[in-house]
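Following: one structure in structure tokens, then a few remarks.
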Amino acid sequence: MSFTIQNMSQLREYLEKHPSETQRLLGMDYDQLTELIIRAENLYERQKIKREIQKTRILKPGSGRLPKLAIADQILMTLVYLHRLPTFQILGVQFGIGESTANYIFHRWLKTLRELLPASLLEQVKKNNSDSA
């Protein structure tokens, strides 16, 4: 069952209109971004199916709160963090969600993107997080 989630983020809309800006904003070209989003969505769906098989359900599938961001925007938000290292407060404002929601989305997608992104990018984030502690 598919649900309509709010419109795409302003950043994704901007990148679709100006694909040449993707390199400057995210450190990858538009085709790489598109491919990464497709691969991440597919991997996420496979992981979700695995979790569902092992889960003991109290509620029917599809019930509960709908996500505040489309999956592509969640991935985009995670990539913005990895490339720019803004605070989660700034990410929340940029994507129209709360600071804690931005933090949750980032950490959830980081687990999935570890399988798809170069380790050097992830190590940079890990190093910057440990430096600020």
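The values are calculated or read from the model by the stated rules, or taken from the named source; none is laboratory data. The structure displayed is predicted, hence computed values, not measured ones. Cβ atoms come from the backbone with ideal geometry, glycine included; neighbour counts cover every protein chain shown. Remember, those area values only see protein heavy atoms, side chains included, never the ligands or the DNA or RNA. Shrake-Rupley method; radii C 1.70, N 1.55, O 1.52, S 1.80 Å.
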When residues of the stretch 39-78 are filtered for being closer than 21 Å to Phe95 by Cβ, free of Cβ contacts under 8 Å to residues at least 12 places away in the same chain and open to solvent by 80 Å² or more (accessible area, probe 1.4 Å), how many remain? 1
Which fully enclosed helices (runs of 4 or more DSSP H) of the stretch 1-67 have 3 or more residues being under 17 Å from Leu82 (Cβ atoms), modelled with pLDDT of 85 or more and of a type outside the set (A, V, I, L, M, F, W, C)? 22-26, 30-54
Which of the residues spanning the stretch 109-133 are open to solvent by 70 Å² or more (accessible area, probe 1.4 Å), modelled with pLDDT of 85 or more and not acidic (Asp, Glu)? Lys111, Arg114
Based on what the data block shows, is Ile90 out of contact with any Lys or Arg (no Cβ under 8 Å at 6 or more places or on another chain), open to solvent by 60 Å² or more (accessible area, probe 1.4 Å) and modelled with pLDDT of 95 or more? yes
Pull up the stretch 85-107, narrow it to residues that are touching a residue at least 24 places away in the same chain (Cβ under 8 Å) and in a helix (DSSP H, G or I), then point me to the one that is farthest from Arg12 (Cα to Cα). Thr101
Could you please tell me which pairs satisfy a Cβ distance under 6 Å, a separation of 6+ or placement on different chains, a first residue in the stretch 7-24 that is of a type in the set (Asp, Glu), and a second residue that is open to solvent by 70 Å² or more (accessible area, probe 1.4 Å)? none
